[in-house]
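Working notes for the structure below.
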Amino acid sequence: MALVTLTIDGKETQVEEGTSILEAAKTVGIEIPSLCYLKDINETGKCRVCVVEVEKSNTLMASCVTPVANGMVVGTNTERVRSARRTVLELILSNHRTDCLTCEKNGDCKLQDYAYEYGLEELRFPSDRVLPELDDTNPFFIRDLSKCILCGRCISVCSDIQGQDAIALIGRGFDTKVAPAWDKPLEESPCVFCGNCVQVCPVGALTPKYSVGKGRFWEIEKVETTCPYCGTGCLLDLHVKNGKVVGASGADGPVNEGWTCVKGRFGLDFIHHPDRLTVPLIREGDGFKEASWDEALELVASKLGGLVSEHGSDSVAFFSSAKCTNEVSYLMQKLARAAVGTNNVDHCARLCHSSTVAGLATSFGSGAMTNSIHEIADAKAVFIIGSNTTENHPVIGIQVKEAVRRGAKLIVADPRDIELAQKAHIHMKHLPGTDVALLNGMMNVIIEKDLHDKEFIETRTENFEAFKECVSKYTPEYVSEITGVPAELIVEAAVAYATADTASLIYSMGITQHSTGTDNVLSTANIAMLTGNLGKESVGVNPLRGQNNVQGACDMGALPVFFPGYQSVTNPDIRSKFEKAWGRELPSEPGLTVTEAINVAYEGDLKGLYIIGENPMVSDPDINHVEAALKNLDFLVVQDIFLTETAELADVVLPSACFAEQSGTFTSTERRVQLVRKAIEPPGEARSDWEIICDISTRLGYPMNYSSSGEILDEIASLTPIYGGITSRRLDSKGLQWPCPTEDHPGTPYLHKGKFSRGLGLFSAIDYIPAAELPDEEYPLILTTGRILYHFHTGSMTRRTEGLHAHRPEAFIEIRPDTAEDLGIVDGEMVQVSSRRGKVEVRAKVTSWPAPGVVFMPFHFAEAAANILTNPALDPKAKIPEFKVCAVRIDRLPLEAAL
Amino acid sequence: MQFYRSHVLICAGTPCILKGCGAVRDAFITELKNQGLEEEVRVVETGCLGPCDLGPVIVIYPEGTLYEKVKISDVPKIVDEHLLKGRIVRDLISEGSIPGIIPYKEPVYFGIQERIVLRNCGIIDPSSIEEYIARDGYQALAKCLTEMKPSEVIEIVKQSGLVGRGGAAFPTGLKWSFTANTKDDQKYMICNADEGEPGTFKDRLILEGDPHSIIEAMTIAGYAVGATRGFVYIRGEYGLSIDRINQGIQQAESMGLLGDNIFGSGFSFKLEVKKGAGAYVCGEETALIESMEGNRGEPRVKPPYPGTHGFLGKPTVVNNVETLANVPQIILNGADWYRGYGTPKCPGTKVFTMTGDINNKGLIEVPMGITLREIIYEIGGGIPEGREFKMAQTGGTSGGCLSGEMLDVPMDYFTLPEKGSALGSGALLIMDDSHCIVDIAESFMRFFVRESCGKCAPCRVGTVRLHEIVKKVACGDGTYEDLEILEDLGRTMRETSLCGLGQSAPVPIMTMLRYFKDEFMAHIEEKRCPSETCKL
């Protein structure tokens, strides 16, 4: 690009053509004031505070939107400029409620700063116009339009970043205001309460509710850390005052670039919830008694130790957690393997993405997201199957919408009319459990139309012929009968995916949580290989991991067959490496998975269980069965931040620190290892998870002594080749993406460049197998389950968050209008939903979202737990249960109960 | 084509329609039938003739007799006397009854005028493409497409010195060259007919009276800049303009003068109408484009200009109706011919719409550089009821207010700005000495409060504050300091507002403070209105 030379306040500078005067001024150290300007996001020239004098121009120019020109002579601070700025600021202030003494924004308000700088003590424009009333109708933030200066930042962010278009300007002239369409409440608009508008508001017009009165800007310390909710890996700034987290905002992380979703921003007040566990608890009859740490730990060590000596090492099992840090999962599996001598260690990834690990490891040799999140925005086509991205990974949803804005074709396969399905160019509304058929149908079309990437197939893959033979019978017409998707739509989607230069495939639990979960994953790998969409930027097979550290918990070997870094426990060389490092003989037999452990406990062969941060009493299928199994244990230890439904069944409950109270690392879904920083002290006697594990291990006769979580990370690096270069000394705000074998390695944004981890990519011939339980006369509907934007997993955190809970306080079941009519059900009435395993009462939400014959329930709500209904049928390879398909019936309740 | 011995031209401009010309037309048709003259005399509805105050107006050819304020009851007499017996009905031509109005053929009202833009208005039937063609219509287009390169077309327009008649006076040829020089697979030509300036109705009357001149000019412009699609953005209230343009488009298309491969030249141009929804700011070209794209009608920041980044981000020429109406004549007669009108610096003519305290209200076309005095006293017939001239506002509500000492200033795009005013759209509001300046200022500011789009702070808040302060002065509560605030606020709005609306909103007040400060001071110091007409 050409360079332009200009003079600003007498200083000559050279900048690229097209640069604004405001940006050019920065190069000579001049900061031009502006209220509305946000680089690349809100460049509208609305506030006119940034005006400057340009030689030979009649009027003053808005520097934020005026491009530089050769020879331009600019004055940014002349008397003419200052005088105009003063009057413009005075005008803005004349229509702004100035209650700076009590305003939340005091000290962090640009208008206040400029009023001070320009000496605006008295205003010349007294007005008797009435300022608008304050709107505090939504639970997350306050809209005070009497302070709004109409800079438009919130609108730009809502439209161009969040892609929600919930707000716009309404009215004209002086009566202009920012509002949802028809000036309705935000809750009736498409607003998703991400609060990104709150973050960019330069004045006090938008302020987070839960921070009100909790601290002044200058009293608050910001601690950058990683969000504890989904696997996207957004960085947050926790706002800390006097040892309390009083707010949060998006930090400039490599994935979120400052943005967050509603949970990250407004969903953290669980940290100080009165339900937090503060002392160890020991069972006493039907209840608990408070105990000292010494007492509790001694009891845990003696009970677990006793069971091991009596029934053998494999009589106990360990559930680590995808919510805890890498360091905790590492120590948990080390505790199981080295201290106790069993491979019975697993965690909830079993329930979400074990089929991903199994499937992608088979096809590619590595079971993780192949590409990076930011690459999605540049893909020419995005194919989403089985992921409600905007609700479950909202900040990744932003990238998808950005891709569409940049011209990408969006193809969505989902049994419901989720937000992205509504925004998609092609929506295939297939029946739950028919993913293999649908993908085979698309691949059949791609091969028939000769759109497959022959060179890629030839040079990079194997077993193509067997695969081709297999898909040959999946004609669009045949597949249409299975899936309910019109044949021509399948053809259209196949062509769109195959002909895009770069196509990114995104999936999540709609693919994995099936009795054919691994088959589903293998099929996604097949279609990407068939079209050469691997090993370069903006392509790939991209499983979105559900929990903040589910990737890390897998990486750390909280899995019954792998040491950290997917090093097999059955490989003697590997085992001897770890035996040497850990100084113990290690078991060679794969251990029990989460789902198997529950079954073995039910049968009585598993005696002891130590659970950290998991809540199978809500998260696992067929909860009645889970409850019986847990009650059947001799000894159950639960370590958590709340007394969860599972903890209530424990013999010992250990209070732990939450993410804000301990240090360590999380690994996001894009394999990025990021820092978790301790911001405050844990409540009461609660302690860091890793310290608790160390104590238990030591009491079991296997001393663990670490001075910090960093020391644990360095041990991980020394034993885990993919984490080899990820050391405590090196990690900073950018994080590092594995594989990162050495300290001088920059990390790996996308996998399989030039060569798959396993060498050649393996095509798998996969036939469609129907779901384990299909609707019949007795249970005529298909229930599929999932999550909603405002809650997370079993709700133990989000349901203890004021805003989120107030906004979505209860469970619901989505029923199509035709189904509802057949059953005589009206929107909002309580109904009974039953399956072969149990029944729940829940409120009906009549909506056309689900496919014909399908109903949907979120699983967050223990009092109306979807998982009482779900089918525990397991995928034979990954042992993942079929959360996404089971047969149910819906019955009306007697009149009084329904009201 | 049938020939008639006489034509009855009935002015069907909107003012005459409002005054009942439709009924007069029907009466003529019926009466001619009764007299058995329907094969000999043709009744034609034409565009505006100009003297809007005198409607319904008709002209009978070949004599060229103008009848004013024609009633249905006058029709039998006109048919019987004039059309059957060949005797002009003297008592219906109001000769001498209204000062300054003289029978049609006599020179003063029309004599001083030079009709380029309005050459067909009132002469032809605007619903007939044949009549337009008979007056050399589409010859300029034929010349361009068959004899000239696009660059030559632009060169002639540049040479002619034609500048934008919407008010900004940007050289038209230069504007075209920006778009012509920008490479793109799609370019657009837009005719700005969102005539929102109060007191301005010239574009409406051109569209109603001579729609094909705009269609032809747009096609020429399209050819010159490489645009293949055009839009006429007409304010939604202009129902007749919309009908006439739509009808014209159909006619031109059916004759191959618009559409694919015009004159076999390989050049194609499609034209359609977009209706505006009544926002004043949408007359600003970028707000107009936003509105066309379906967005909120708000101006864009410039640069980039529409010439390179316009409708849907594509290079787009936006020209005012009157500007375009000049184009075919310039092509046919050449740049030198055009420069023969007006002043050397500002050639051509200007269409004005005269309103207010003036005897002859309506539409006129005069050479650039004519003085205000000539317009008011010679064409306009002076101030009614013997009152004194007090103030003329040129250029519409956003224009400056000139006092009597400015009567001899030449009216063109370069001289008026020196006096703090502008020629603008050509609206001329004349006020006699019975009006209170402060009162008028208050009403002007009320207009801007209503029409500010709200995008930029100085205009959104500034218009309200200006209005509040002027109102305070008008109510006798003003202070000298208020006048200083008005000056400062006005200057800031001029210097910092995003678009022309906010930049020119303070112009009336600023010129009033310059030329009529005494009246403000009387309101402040003596709590008295010198004109003794305001509420004070």
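Listed values, structure above:
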{"item": "For residues of B:488-495, the mean tally of beta carbons on other chains within 10 Å", "result": "6"}
{"item": "Inter-probe distance in nm under a simple model that places probes 7 Å from Cα toward Cβ, at B:L174 and A:T847", "result": "5.8 nm"}
{"item": "Solvent-accessible heavy-atom area per residue, rounded to whole Å², over the range A:137-289 at 1.4 Å", "result": "34 Å²"}
{"item": "Proportion of all alpha-carbon pairs of the range A:454-590 beyond 18 Å (%)", "result": "70 percent"}
{"item": "Sequence-separation-based contact order of chain B, relative, with Cα cut under 8 Å and 6+ spacing, percent", "result": "13 percent"}
{"item": "Debye-sum result for the range A:256-386 in log10 I(q)/I(0), which assumes one identical scatterer on each alpha carbon, at q = 0.21 Å⁻¹", "result": "-1.39"}
{"item": "Label-point separation in nm, A:E298 to A:E257, each point 7 Å along Cα→Cβ", "result": "5.8 nm"}
{"item": "Count, lysine Cα pairs under 12 Å in the range A:110-272, 8 or more residues apart or across chains", "result": "5"}
{"item": "Under 12 Å, Cβ to Cβ, from B:A224 - net charge with Lys/Arg +1 and Asp/Glu -1", "result": "+2"}
{"item": "Relative packing of peptides B:352-364, A:315-327, B:329-341 - highest average C-beta neighbours within 10 Å first", "result": "A:315-327, B:352-364, B:329-341"}
{"item": "Packing rank of A:536-544, A:849-857, A:26-34, where each peptide gets the mean count of other beta carbons within 10 Å, highest leading", "result": "A:536-544, A:849-857, A:26-34"}
{"item": "Residues of chain B: accessible area per residue with a 1.4 Å probe, Å²", "result": "36 Å²"}
{"item": "Occluded residues from the range A:86-123, i.e. those whose accessible area drops by 40 Å² or more once the chain is not alone (1.4 Å probe)", "result": "A:T87, A:L91"}
{"item": "Within 10 Å of each Cβ in B:229-240, the average number of Cβ atoms from other chains", "result": "0"}
{"item": "Solvent accessible area, Å² - B:Y188, 1.4 Å probe, full protein context", "result": "20 Å²"}
{"item": "Where Rh is the Kirkwood radius over Cα pairs, Rg/Rh for the protein assembly as shown", "result": "1.08"}
{"item": "Label-to-label distance, nm, for residues given as A:H272 and A:D113 (7 Å Cα→Cβ offset)", "result": "2.7 nm"}
{"item": "Shielding by other protein chains, B:462-468, mean Cβ within 10 Å", "result": "5"}
{"item": "Placed amide H near B:T349: partners under 5 Å, 5+ positions off or other chain", "result": "B:M368"}
{"item": "Accessible area in the full protein assembly, largest first, 1.4 Å probe, for B:D412, B:D243", "result": "B:D243, B:D412"}
{"item": "Heavy-atom SASA rank of B:H435, A:H452 (probe 1.4 Å, accessible area, largest first)", "result": "B:H435, A:H452"}
{"item": "R0 of 45 Å, Cβ-Cβ distance B:S434-B:D136: FRET efficiency to nearest 0.05", "result": "0.45"}
{"item": "Within the protein assembly as shown, helix-based [θ] at 222 nm, where runs of 4 or more DSSP H residues each add -39,500 (n - 2.57), nearest 500", "result": "-9000 deg cm²/dmol"}
{"item": "Rounded FRET efficiency, nearest 0.05, which uses the C-beta distance separating B:A277 from B:T533 and R0 of 56 Å", "result": "0.95"}
{"item": "Summed buried accessible area for A+B [probe radius 1.4 Å, Å², rounded to 100]", "result": "2700 Å²"}
{"item": "Alpha-carbon centroid distance for the pair the range A:817-861 / the range B:188-241, whole angstrom", "result": "58 Å"}
{"item": "Difference of contour (0.36 nm per residue) and Cα-Cα distance, B:Y4 to B:E253", "result": "86.9 nm"}
{"item": "Set of lysines near B:K158 by C-alpha distance (under 22 Å), chain-local residues within fewer than 8 positions excluded", "result": "B:K143, B:K149, B:K175, B:K183, B:K187, B:K345, B:K350"}
{"item": "The range A:639-699-the range B:329-400 distance, computed between alpha-carbon centres (Å)", "result": "84 Å"}
{"item": "Virtual paramagnetic centre 7 Å along Cα→Cβ of A:R758, amide N under 17 Å, in the range A:357-375", "result": "A:357-370"}
{"item": "Angle between chain A longest axis and helix A:394-405 axis [Cα atoms, degrees, rounded to 10]", "result": "60 degrees"}
{"item": "Integer Hz, Karplus 6.51/-1.76/1.60 couplings in order for the range A:492-509, x for Gly and Pro", "result": "4, 5, 4, 5, 4, 5, 6, 8, 6, 4, 10, 10, 9, 9, 10, 9, 8, 6"}
{"item": "Cα centroid separation, the range A:553-607 to the range A:144-208 (Å)", "result": "52 Å"}
{"item": "In Å², nearest 10: area of A:D501 left accessible to a 1.4 Å probe", "result": "120 Å²"}
{"item": "Per-q log10 I(q)/I(0), chain B, q = 0.11, 0.12 Å⁻¹ (Debye; single scatterer per alpha-carbon; no solvent)", "result": "-0.99, -1.15"}
{"item": "With every protein chain in place, chain A: carbon and sulfur % of accessible area (1.4 Å)", "result": "49 percent"}
{"item": "For B:I190, residues with placed amide H under 5 Å, excluding near neighbours", "result": "B:F231, B:V317, B:V318, B:N319"}
{"item": "Peptide ranges B:367-374, A:724-731, A:739-746 listed from the most packed, as the mean C-beta count within 10 angstrom indicates", "result": "B:367-374, A:724-731, A:739-746"}
{"item": "In degrees, nearest ten, helix A:709-719 long axis to first principal axis of chain A (Cα)", "result": "60 degrees"}
{"item": "Amide H contacts of A:N42 (H built 1.01 Å from N, under 5 Å, at least 5 apart or other chain)", "result": "none"}
{"item": "Cβ-Cβ FRET estimate between A:R677 and A:K56, R0 fixed at 56 Å, reported to 0.05", "result": "0.60"}
{"item": "Under 18 Å from B:K69, Cα to Cα: lysines that are on another chain or at least 8 residues apart", "result": "B:K19, B:K77, B:K105, B:K361"}
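The values are calculated or read from the model by the stated rules, or taken from the named source; none is laboratory data. Predicted, not measured: the structure shown is a model, and the values here were computed from it. No Cβ is skipped: glycine too gets one built from the backbone with ideal geometry, and neighbour counts run over all protein chains shown. Only protein heavy atoms, including side chains, enter the accessible area calculation; ligands, DNA and RNA are left aside. Shrake-Rupley method; radii C 1.70, N 1.55, O 1.52, S 1.80 Å.
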